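Accompanying notes for the structure given below.
Read-outs throughout are calculated quantities, based only on the coordinates presented, and are distinct from any laboratory measurement. These numbers were taken from a predicted model, which means no experiment stands behind them. Cβ atoms come from the backbone with ideal geometry, glycine included; neighbour counts cover every protein chain shown.
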Amino acid sequence: MTAKIIDGKSFAEGLRGRIAGHVERLKTEHGITPGLAVVIVGHDPASQVYVSNKAKQTAEVGMASFKYELPEDVSEAELLELVRRLNEDDQVHGILVQLPVPKQINADKVIEAIVPSKDVDCFTPANVGKLTIGLPGPVSCTPLGSLMLLRDQLGSLEGLNAVIVGRSNLVGKPMAQLLLRDNATVTVAHSRTKNLADVVRGADIVIAAVGRPEMIRGDWIKPGATVIDVGINRVPAPEKGEGKTRLVGDVAFAEAVEVAGAITPVPGGVGPMTIACLLANTITTASLINGLVPPSDLTA
Ligand SMILES: Nc1nc(=O)c2c([nH]1)NC[C@@H]1CN(c3ccc(C(=O)N[C@@H](CCC(=O)O)C(=O)O)cc3)C=[N+]21
Ligand SMILES: [Mg+2]
């Protein structure tokens with residue numbers, strides 16, 4: 001049996017269509033144009049492409065898009081000053097500072113400077129707390145996108161065994177909170193977990209978020225399981241020519257696709273959902289800032 005390939009790219013397109021509808025309603029019924037500010041430090045080409053994609057999609061759904069490109073050697077004080085200015089700017093409902101930042105800048109300090117009401121990554125302690133106890137607010141983008149794909153694939157997650165491989169603040173931990181809310185039985189495994197392959201073999205749902213190319217093998221997957229591959233790893237691809245690269249996930253896709261019931265590809269799986277959920281969070285924050293109830297189809 002070959003797994004169903006979960007098409008995150010087209011799901012994200014549909015989600016952006018719904019987001020465009022919410023933008024239109026906020027504009028016509030409330031006079032609000034949701035605005036997203038993206039800040040990038042330095043000129044890493046991959047980061048540039050990625051930030052340009054965000055800006056393009058933000059504009060496509062009808063939101064205002066503000067892009068700030070700071071030089072690689074910008075001081076921490078200057079970046080903090082920009083964040084404070086954006087905190088105060090009424091046209092801005094979401095602030096994202098692209099990570100990682102250069103070493104002269106303390107990322108924790110930058111995150112702490114973002115006012116929680118505009119923290120569309122859900123990185124600030126206040127929003128992590130809200131997510132954990134189920135209060136309305138932005139929801140971590142990659143976990144939210146993954147949850148939307150899982151619900152679409154499985155309907156209810158109630159009682160299913162979910163194994164998350166990876167315990168990062170960005171993905172593993174918030175993912176665990178969201179799956180618990182949906183009544184899954186959640187295990188968070190990581191690099192120190194004993195008998196990791198056996199732990200994963202018990203999973204109805206596998207969330208691979210370790211950041212190690214193709215680490216999770218096909219024979220770790222329970223037949224019929226749903227596999228969400230969060231990893232985005234660029235590896236050498238000499239078969240494409242000297243110096244060429246390709247993207248692979250944290251799951252050995254060619255093996256896992258023969259065993260799983262459904263699986264996300266890389267690229268075209270979780271990645272596009274992450275960006276769409278960033279836009280969804282901007283609708284959520286724009287709504288909450290203006291005392292409106294956020295649309296329920298854009299959150300967990
Ligand atoms: N404050 C902050 N928030 C982030 O959410 C954030 C960040 N910093 N820093 C960088 C990482 C990385 N990230 C990606 C999102 C989507 C794709 C994506 O759409 N990937 C495409 C492939 C893109 C390609 O071909 O290179 C896909 O998977 O299909 C990739 C990477 C968000 N990040
Ligand atoms: Mg990863």
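For the chain, the longest principal axis of the alpha carbon atoms and the long axis of helix 141-154 meet at an angle near 50°. Among 178, 292, the order by Cβ neighbours within 10 angstrom, fewest to most, reads 292, 178.
Shape analysis of region 226-300 yields a ratio of the Cα radius of gyration to the Kirkwood radius, Rg/Rh, of 1.18. Across region 49-61, rounded Karplus estimates of 3J(HN,Hα) from the backbone phi angles (6.51 cos²θ - 1.76 cosθ + 1.60, θ = phi - 60°) give 4, 5, 5, 5, 4, 4, 4, 5, 5, 4, 5, 4, 8 Hz, Gly and Pro being marked x.
For residue 4, the residues 5 or more places off, or on other chains, whose built amide H falls under 5 Å of its own are 262, 263.
For region 234-286, the list of GluC sites (Glu not before Pro) that fall in a loop by DSSP and count at most 11 other C-beta atoms within 10 angstrom reads 242.
Peptides 181-193, 275-287 ranked from most to least packed give 275-287, 181-193, packing being the mean of other C-beta atoms within 10 angstrom over each peptide's residues.
The long axis of helix 172-181 is offset from the longest Cα principal axis of the chain by roughly 80 degrees. Only beta bridges with both residues in the chain are counted; by DSSP, about 10 percent of them are antiparallel. Between rounded, prolate and oblate, where does region 170-291 land on the alpha carbon gyration tensor, with a ≥ b ≥ c its root eigenvalues, rounded for a/c under 1.5, else prolate if a/b exceeds b/c? Cα axes put region 170-291 in the oblate bin.
Note: relative contact order over region 31-115, using C-alpha pairs below 8 Å and six or more positions apart, is 40 percent.
Can you tell me the orientation of helix 76-88 relative to the chain, as the angle in degrees between its alpha-carbon axis and the longest Cα principal axis, to the nearest 10? With rounding to tens, the tilt is 70 degrees. Quick note on the chain: its Rg to Rh ratio, both from C-alpha atoms and Rh being the Kirkwood radius, is 0.97.
Express as a percent, rounded to the nearest 5, the fraction of DSSP beta bridges in region 141-271 (both residues included) that run antiparallel. Expressed as a percentage, antiparallel bridges in region 141-271 total about 20. Residue ranges 157-166, 50-59 sort as 157-166, 50-59 when ordered by packing (mean number of other C-beta atoms within 10 Å per residue, highest first).
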